[in-house]
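Every number here is computed from the coordinates shown, using simple stated rules; none is lab data. Keep in mind that what you see is a predicted model, and the values were worked out from it rather than measured. Cβ sites come from the backbone with ideal geometry, for glycine too, and all protein chains shown count toward neighbours.
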Amino acid sequence: MIDLLTTAVSVLADPPKNSGPDFGKASPLGLLVVVLLLIGVFILVWSMNRHLKKLPKSFDAEPADGDTEPDGDAKTDTVAAALDKSGGSDADTGRSPSEPSG
């Protein structure tokens, strides 16, 4: 473990080997890459704004035809209607919930 630490410190402490007159200078190719990336970002933001303008102001649910409550749960309404037709719950029929109906 100490050998690994010593090796890491000696490698990190070495001065850079490429310290000539051209060290650290960017080429025109790097400028081209940066400009192309900026153009790509501009196009993506422009396209996203166009798509966002097409969205509605609000995503709140609007009542459908014949539906009086927009927040009503269809499953709850169906179960309530079935209980009304069958005569109520098990407590109304006098049976315990664990007793079979047959």
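Summed over the stretch 1-43, residues that are surrounded by 10 or more Cβ atoms within 10 Å (Cβ to Cβ) and among the small types (Gly, Ala, Ser) total 3. Taking the stretch 1-44 as the range and being part of a helix (DSSP H, G or I) and among the acidic types (Asp, Glu) as the test, only ASP3 passes.
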